[in-house]
Structure formats: structure tokens, C-alpha cells
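The values are calculated or read from the model by the stated rules, or taken from the named source; none is laboratory data. Not measured: the values here are computed from a predicted model. Neighbour counts are summed over all protein chains in view; Cβ atoms, including those assigned to glycine, are modelled from backbone coordinates with ideal geometry.
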Amino acid sequence: MKRYRIIDGYNFLHAAGMMPRKIDGETLERARSQLVRYLSVRLTDQERALTTLVFDVNQNLGNLTARKVEAGMTILLAINYPDADSLIEELLKSHSAPKQVTVISSDHRLHRAARARRATPVDSEVFYRLMEEREILPTSQETDANSIEMETVSDLEVEMWQQRIQQLFDE
């Protein structure tokens, strides 16, 4: 059975400790990109095709695209909605198979909306822990292993880079 995911983007970023301290249009854009990269190496191609990330936006930020696809995932900005939660509720109401939907958010309002449509609510913290337990997948952009020698990266190196990236977002 297909499992669709609707992720409350900033809620997940906050739960995962990836939300920047300084919040402006530029840092939020970087945080959104960081989340796409994070999920793109943990979800399979099939999972990414069924994943939608929803973000709140300040409509004063200029020319924003309400819908785009990155790394196979649908990215929705709640431009014509009061907030991301309202857009997620709309997505749940209009989904043809809501029982196949998992809503990832720690927001109780969204948990109630998911249960009302028989979708599955999952706390962002729980989903983050599940993602952390997954092995990092090779990206589709990587070259065939026979054509170039692949380097392996230790868990310690990965942790060091994650901390460095977080430091950059905190600046």
C-alpha cells in the first residue's frame, strides 16, 4: 500500500534542531533547502515521490513559487493560506485516499485533523528519530561506482559536518 507523507516543514525543522536562530527570508530558505537535502538521502525515490513538505511563508518576501518539486518531493508554500496548518488540513480534506496519508507534525490541531480523516498522525520528533536510524542512501546524482572510486565517510565525520552546518545556520 502506498504511504503518502505530508510534513509540516518548520515544525519538523524545529523538532530536529535544524531551525535557525536568526529568522529571515534568507535563513528560512536555507533551512527549507537543508530539510530537502536531509530527507533526500534518507527516503527512497518512491518515498520522496509520495512526500509533500508544507511551509508557512511571509507574503511580503517577494516572488515566491507556491508549488515546486525538489529531489522528487513536492514543496508547497502556504501563500494563499493563513498558515501551513490550514494548507495541510486542505490537503487532507481533498486527498482521495486519506487512510494512506501520514501527517508529520507535533501540532495537535493537525493530529486531530488527521484522525478525523483516518490518516495517521506522527510527531515530528518521532519521525526525526526514525529518519536518524536510517542509513544514508546514495543520491541519484552519484556516478556509477565502477567509474569512480567512492570514498566512505565515518559516522564521526558525518556528525562533525552536521554540527558545522548547524553552526552556520545559527550564525
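The table that follows gives values for the structure above.
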| item | result |
| --- | --- |
| All positions within region 118-155 that are more than 17 Å from Y10 (Cα to Cα), at pLDDT 70 or above and touching a helix residue (DSSP H, G or I) at 6+ places or on another chain (Cβ under 7 Å) | R118, A119, T120 |
| Conditions (1) over 25 Å from E135 (Cβ atoms); (2) surrounded by fewer than 18 Cβ atoms within 10 Å (Cβ to Cβ): number failed by V54 | (2) |
| Residue match in region 3-23 (condition: surrounded by fewer than 18 Cβ atoms within 10 Å (Cβ to Cβ), modelled with pLDDT of 95 or more and of a type in the set (S, T, N, Q)) | no |
| Matching residues in region 59-117 - criterion: being loosely packed, with under 14 Cβ neighbours inside 10 Å, closer than 24 Å to Q34 by Cα and modelled with pLDDT of 95 or more | V69 |
